[in-house]
1. Would you mention how many residues in region 1-32 are of a type in the set (S, T, N, Q) and either without any contact (Cβ under 8 Å) to a residue 60 or more places away in the chain or touching a Lys or Arg at 6+ places or on another chain (Cβ under 8 Å) (or both)?
2. Could you give me the residue pairs with C-beta distances under 6 Å whose first residue belongs to region 171-186 and is within 17 Å of V144 (Cα to Cα), whose second residue is at pLDDT below 80 and open to solvent by 20 Å² or more (accessible area, probe 1.4 Å) wherever it lies, and which are 6+ apart or on separate chains?
3. Would you be able to tell me the number of residues in region 161-186 that are open to solvent by 80 Å² or more (accessible area, probe 1.4 Å) and more than 10 Å from the ligand (Cβ to nearest atom)?
4. Does region 72-89 include one or more residues that are open to solvent by 70 Å² or more (accessible area, probe 1.4 Å), of a type in the set (D, E) and part of a loop (DSSP other than H, G, I, E, B)?
5. Assess whether L110 counts as being part of a loop (DSSP other than H, G, I, E, B), within 16 Å of the ligand (Cβ to nearest atom) and not hydroxyl-bearing (S, T, Y).
6. Return a yes/no flag: does region 98-105 have any residue that is without any contact (Cβ under 8 Å) to a residue 60 or more places away in the chain, open to solvent by less than 70 Å² (accessible area, probe 1.4 Å), among the hydrophobic types (A, V, I, L, M, F, W, C) and farther than 18 Å from G27 by Cβ.
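The values are calculated or read from the model by the stated rules, or taken from the named source; none is laboratory data. Computed from a prediction, not measured in an experiment: that's the story for all the values here. A quick note on method: Cβ atoms are made from the backbone with ideal geometry, for glycine too, and the neighbour counts reach across all protein chains shown. The area values use the complete protein model at the heavy-atom level, side chains included, leaving out ligands, DNA and RNA. Shrake-Rupley method; radii C 1.70, N 1.55, O 1.52, S 1.80 Å.
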Amino acid sequence: LAPKTLRGKKLLITAGPTFEPIDPVRGITNHSSGKMGFAIARAAAEAGAEVTLVAGPVHLPTPRGVQRIDVQSAQQMHDAVLPLAAHQHAFIATAAVADWRPAQAHEHKLKKAEGGATAPTIAMAENPDILAAVAGLPRPPYCVGFAAESEKLAEHADAKRRRKGIPLIVANLGPATFGRDDNALLLIDAQGRRELPEAGGRADKLTLARELIKELSQRLR
Ligand code: C5P
């Protein structure tokens with residue numbers, strides 16, 4: 001049984017991708033299985049936290065004891081998160097939020113015109129940055145961001161941490177982790193860096209989630 005290091009603490013977690021509709025049958029999305037965020041929600045609940053999980057479209061069962069809110073778009077995720085955020089001890093943003101959405105979702109399916117007409121152009125609008133919005137609250141919860149970078153991992157992740165005004169960012173180490181059950185993480189804060197698993201290599205996402213929750217428990221004390 002996990003030690004109840006988060007008893008009495010409220011945690012809000014985002015997970016999965018967002019889906020930005022183009023028309024009723026099409027949309028723009030990001031690669032994300034939601035596995036890391038769901039594993040963190042499970043580990044937090046095991047540690048005794050009161051967990052709310054705001055999930056984009058994923059195919060995963062709700063971890064035991066976790067309150068789940070399903071959303072599709074970034075705007076919906078933002079609108080679900082913001083009213084809850086001020087009442088939390090910590091906010092962990094693992095979701096792969098689409099940076100842009102089609103400026104307007106068409107009410108009806110876009111049709112190919114007869115005779116090979118030109119392809120449509122989709123005007124895009126910027127989505128709200130959910131993590132930055134939560135970090136900017138007057139009394140923000142302890143905010144943890146995630147970063148998937150394709151190069152200069154630590155440098156870009158730390159720049160992101162400072163730009164968003166959050167104390168801790170977790171970078172995905174190594175090759176794409178999408179859909180995999182294992183991962184390796186690099187925790188970066190103002191003091192320095194720490195790798196998980198500590199011994200190097202990779203570990204399954206639930207093991208990593210439990211380690212991260214242990215680390216977070218210490219920071220919330
Ligand atoms: O800016 P970027 O997407 O690279 O930052 C990643 C971190 O910010 C993740 O923790 C992600 O969940 C969060 N994020 C967010 N809202 C956005 C974009 C990213 O909460 N619109």
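1. Residues in region 1-32 being of a type in the set (S, T, N, Q) and either without any contact (Cβ under 8 Å) to a residue 60 or more places away in the chain or touching a Lys or Arg at 6+ places or on another chain (Cβ under 8 Å) (or both): 1 in total.
2. What qualifies is A184/G174.
3. Residues meeting the conditions: 5.
4. No, because not a single residue in region 72-89 is open to solvent by 70 Å² or more (accessible area, probe 1.4 Å), of a type in the set (D, E) and part of a loop (DSSP other than H, G, I, E, B).
5. no
6. no
Yes or no, residue by residue, for (1) within 16 Å of the ligand (Cβ to nearest atom); (2) of a type in the set (G, A, S); (3) in contact with a Pro (Cβ under 7 Å, 6 or more places away or on another chain); (4) not in a helix (DSSP H, G or I):
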site	(1), (2), (3), (4)
I122	no, no, yes, yes
V134	yes, no, yes, no
A159	yes, yes, no, no
I188	yes, no, no, yes
